Ligand SMILES: [Zn+2]
Ligand SMILES: [Zn+2]
Ligand SMILES: [Zn+2]
């Protein structure tokens, strides 16, 4: 025993973004939430930053990664873990270049094997052996995340969840569950989620959606797993922050960009 706090007990999670796939406000929309002056209704695309032991683990590279990093004064990313290869979760990958410049290090990116294959296809310029276009490329080290493993000394366990016609990966990172894009959790996933101290669950709107939870489903999933704190993320312009905050049961809060939470 060193007497130092374990990585999980000192862990925090920062909401880099909490928006659904098009963000809030949405281009061309003049609904009350898109026009709201409440800064908690300004939602960049969903991603979180898990920090422990002075290191930063980014979950997904949202298209807004540059703005998120500027807002948070972030200059170090030690590793990235991807949940799935949908555009709103990966299109900020090229922004990792700037962190390569600052840190003078390559950045490992972890994803389940199929997700890694999709990312290599989407960003072929970044992963091909030859730099044909002569562009400055991010320097990344792809690593498969086929099952539970330690990343930055934190146990990370991927588990499959249903996301409309595709399977998505949710993550348990130490005592934190990150379950963004999902409309049903198979039994194995429910087992993994049990005993987490905090849970972040996506709900795009009040009503169920073909590939996402509606709000009641997200709340039910949190209540079933029983963490001490739950947060709702991946919110569309149909959800007003203050209204949602007043409606949610005790222990469950709507997340907003820039919110940092303790984990464990
Ligand atoms: Zn999404
Ligand atoms: Zn709107
Ligand atoms: Zn998705």
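Every read-out reported here was derived from the displayed coordinates using simple, explicitly stated rules and does not represent laboratory data. Computed from a predicted structure; not experimentally measured. Note that we place each Cβ from the backbone using ideal geometry, even for glycine, and neighbour counts take in every protein chain shown.
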When the Kirkwood hydrodynamic radius is evaluated over all pairs of different C-alpha atoms of region 127-242, what value in angstrom, to one decimal, is obtained? 15.7 Å
Contour minus Cα-Cα distance for residue 121 and residue 136 (0.36 nm per residue): 3.6 nm
Quick one: order 136, 180, 98, 233 by neighbouring beta-carbon count within 10 Å, fewest to most. 136, 98, 233, 180
Which residues does a label at residue 27 reach in region 49-79, if reach means a backbone N under 14 Å from a point 7 Å past the Cα toward the Cβ? 63-64
Can you tell me how much longer the chain between residue 150 and residue 206 gets when fully stretched, taken as 0.36 nm per residue apart minus their C-alpha distance, in nm with one decimal? 16.6 nm
Per the Cauchy relation, a quarter of the hull surface: what is the mean projected area of the convex hull of the alpha carbons in region 96-164, in nm²? 6.1 nm²
Measure off 7 Å from each Cα along the Cα-to-Cβ vector at residue 259 and residue 245, then give the distance between these two points in nanometres to one decimal. 0.9 nm
For 181, 117, what ranking results if the residue with the fewest other Cβ atoms within 10 Å of its Cβ goes first? 117, 181
Label-point separation in nm, residue 160 to residue 224, each point 7 Å along Cα→Cβ: 1.8 nm
Okay, helix-only estimate at 222 nm for the chain: each DSSP H run of n ≥ 4 adds -39500 (n - 2.57), divide by all residues, round to 500 deg cm²/dmol; what do you get? -6000 deg cm²/dmol
Suppose we keep just the DSSP beta bridges with both residues in the chain; what percent of those would be antiparallel, to 5? 55 percent
Rough spin-label spacing in nm, given labels placed 7 Å along Cα→Cβ, for residue 34 and residue 71: 1.8 nm
Set the Förster distance to 41 Å, then compute FRET efficiency between residue 12 and residue 106 from the Cβ-Cβ distance, nearest 0.05. 0.95
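I need the Kirkwood Rh of the chain: take the reciprocal of the average 1/r across all distinct C-alpha pairs and report it in angstrom.
On the way: mean 1/r = 0.0538 Å⁻¹.
About 18.6 Å, per the Kirkwood formula over Cα pairs.
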Projected area averaged over orientations for region 1-95, convex hull of C-alpha atoms, nm²: 7.5 nm²
Roughly how many Å is it from the Cα centre of region 14-51 to that of region 180-203, as a whole number? 22 Å
Which of 38, 94, 60 moves the most in a Gaussian network model of the chain with Cα springs under 10 Å? 38
Expected sort for 34, 182 with the fewest Cβ neighbours (10 Å cutoff) up front is 34, 182
